[in-house]
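Read through the structure below, which is laid out as structure tokens, and then see the notes.
The values are calculated or read from the model by the stated rules, or taken from the named source; none is laboratory data. For clarity, every value in this text was computed on a predicted model and none was experimentally measured. No Cβ is skipped: glycine too gets one built from the backbone with ideal geometry, and neighbour counts run over all protein chains shown.
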Amino acid sequence: MVLPSELLGKCLNRKVSLLLKDNTLLEGTLTGFDDYMNMVLEDTEERKGETVRKLGTVVLRGNNVVSISVL
Amino acid sequence: MVLPSELLGKCLNRKVSLLLKDNTLLEGTLTGFDDYMNMVLEDTEERKGETVRKLGTVVLRGNNVVSISVL
Amino acid sequence: MVLPSELLGKCLNRKVSLLLKDNTLLEGTLTGFDDYMNMVLEDTEERKGETVRKLGTVVLRGNNVVSISVL
Amino acid sequence: MVLPSELLGKCLNRKVSLLLKDNTLLEGTLTGFDDYMNMVLEDTEERKGETVRKLGTVVLRGNNVVSISVL
Amino acid sequence: MVLPSELLGKCLNRKVSLLLKDNTLLEGTLTGFDDYMNMVLEDTEERKGETVRKLGTVVLRGNNVVSISVL
Amino acid sequence: MVLPSELLGKCLNRKVSLLLKDNTLLEGTLTGFDDYMNMVLEDTEERKGETVRKLGTVVLRGNNVVSISVL
Amino acid sequence: MVLPSELLGKCLNRKVSLLLKDNTLLEGTLTGFDDYMNMVLEDTEERKGETVRKLGTVVLRGNNVVSISVL
């Protein structure tokens with residue numbers, strides 16, 4: 001049994017892909033998270049269809065997150 | 001009487017199909033979950049209509065999950 | 001006075017019809033539920049318009065459920 | 001001052017009309033409710049535009065309910 | 001400083017107009033409310049565009065309410 | 001560091017502009033609020049596109065509020 | 001490990017870009033926030049597509065916020 005928060009702990013300082021509720025994909029290095037699945041990403045790139053935007057350091061509210069996959 | 005969390009416990013290390021609120025289907029091996037029905041899937045494949053994407057290890061936020069069926 | 005949870009208790013091992021927020025109908029045998037109205041259905045069939053899909057054993061998150069009717 | 005739950009208590013065993021978030025109207029006899037405004041209706045009829053469906057005994061999740069009016 | 005619940009207390013037995021999330025307007029006499037802003041209206045009239053419906057006594061779930069104005 | 005509730009406290013008896021989730025703008029004098037950001041406005045005017053409606057005293061449920069700006 | 005709230009603390013008195021659920025972008029100086037990610041921005045500019053509006057001091061409800069990036 002792997003708790004979701006344990007797996008997030010193992011993803012620290014690794015590249016992850018975050019899917020948001022509005023279908024935006026964020027790719028970046030996970031440097032932090034809390035109990036609400038609020039997250040901190042570094043060197044973040046946002047992908048919406050074909051468009052890529054560099055966002056740098058981003059704090060994400062957990063309730064907009066659908067899933068996190070390890071890259 | 002089977003508590004929903006008990007049934008999830010029995011699904012550990014088995015293949016499940018997850019339906020998300022936006023109609024995405026995720027298939028993978030359930031390796032963990034918590035009280036909010038946040039879940040960990042391994043070897044995950046995402047199906048959206050005809051499109052299949054390999055996602056590997058994924059953490060899912062429970063509040064996007066509609067249902068879990070045992071494959 | 002019948003508490004909603006008492007009525008659910010009386011539905012255990014009986015066929016019920018579940019209406020979800022996205023208008024999907026699920027029919028199956030209710031084998032469990034918890035305080036959040038998360039539910040376990042066995043021998044589940046999903047009806048979306050004309051389409052019927054067999055889903056087997058399903059865990060449903062309560063917050064997608066609109067209503068449960070006894071068949 | 002009439003607490004909403006007190007008024008619901010007075011509606012027990014009376015016919016009520018329930019408006020749901022998706023504009024469905026349910027008419028039936030209120031036989032129970034709880035603190036979350038989950039409700040039990042007997043001899044329920046669902047009205048969606050012109051269509052009427054007989055549903056019998058129904059448990060409703062409170063968070064889909066907009067309003068309850070006494071018939 | 002007027003707490004929102006204090007103002008609601010002063011509205012008891014007065015005519016109010018309630019705006020719901022789906023843009024429905026309800027006018028009626030406020031006879032009760034609770035901590036979740038669930039409300040009881042008497043002699044309620046529902047206005048949706050041009051259409052007016054008499055609803056009598058109505059219990060409203062707070063989470064569908066946008067605003068209450070004093071008439 | 002200014003807590004959001006402190007800033008609201010400083011806005012008491014001043015004109016504010018409230019943006020709601022459905023894009024309605026409300027302008028009025030803030031006379032109260034609580035921990036859920038439910039608010040009381042006096043001399044309220046509602047702006048929806050070109051249309052302006054005078055609403056007088058209004059109680060607003062916090063969960064429909066997007067932002068409050070000081071006028 | 002950087003907690004999301006710690007990162008917000010480091011953003012105090014710096015320019016940030018806030019993305020809201022309806023795709024509005026707000027740029028301003030972050031002067032405060034609380035546990036719900038309600039935030040206070042000064043010298044705020046709202047960008048919706050091509051349109052820019054000056055909003056001055058703004059309180060934002062956390063549950064409309066998608067992400068905060070450091071400018």
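Okay, here's what the table says:
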{"quantity": "Residues that are β-branched (V, I, T) and either modelled with pLDDT under 95 or touching a Gly at 6+ places or on another chain (Cβ under 8 Å) (or both), drawn from region E:7-43", "calculated": "E:V16, E:T24, E:V40"}
{"quantity": "Test: residue in region F:6-23 that is within 12 Å of chain E (Cβ to nearest Cβ) and of a type in the set (S, T, Y)", "calculated": "no"}
{"quantity": "Residue that is nearest to E:V58 (Cα to Cα), among those in region D:45-71 that are within 9 Å of the chain's Cα centre (by Cα) and not aliphatic (A, V, I, L, M)", "calculated": "D:S69"}
{"quantity": "Any chance D:V66 is more than 8 Å from chain C (Cβ to nearest Cβ), in contact with a Cys (Cβ under 7 Å, 6 or more places away or on another chain), within 23 Å of E:D43 (Cβ to Cβ) and aliphatic (A, V, I, L, M)", "calculated": "no"}
{"quantity": "Residue that is surrounded by 15 or more Cβ atoms within 10 Å (Cβ to Cβ), in contact with a helix residue (DSSP H, G or I) (Cβ under 8 Å, 6 or more places away or on another chain) and modelled with pLDDT of 95 or more, where the choices are D:V59, D:V65", "calculated": "D:V59"}
{"quantity": "First in region F:31-57 and at the interface with chain E (Cβ under 8 Å from one of its Cβ atoms), second anywhere and part of a loop (DSSP other than H, G, I, E, B) and crowded, with 20+ Cβ neighbours inside 10 Å, Cβ under 7 Å, 6 or more apart", "calculated": "F:N38/F:R61"}
{"quantity": "Residue in region B:5-53 that is surrounded by the fewest Cβ atoms within 10 Å (Cβ to Cβ), counting only those that are out of contact with any strand residue (DSSP E or B) (no Cβ under 7 Å at 6 or more places or on another chain) and part of a strand (DSSP E or B)", "calculated": "B:T51"}
{"quantity": "Selection count where residues are among the charged types (D, E, K, R) and more than 19 Å from F:V16 (Cα to Cα), scope region G:1-55", "calculated": "12"}
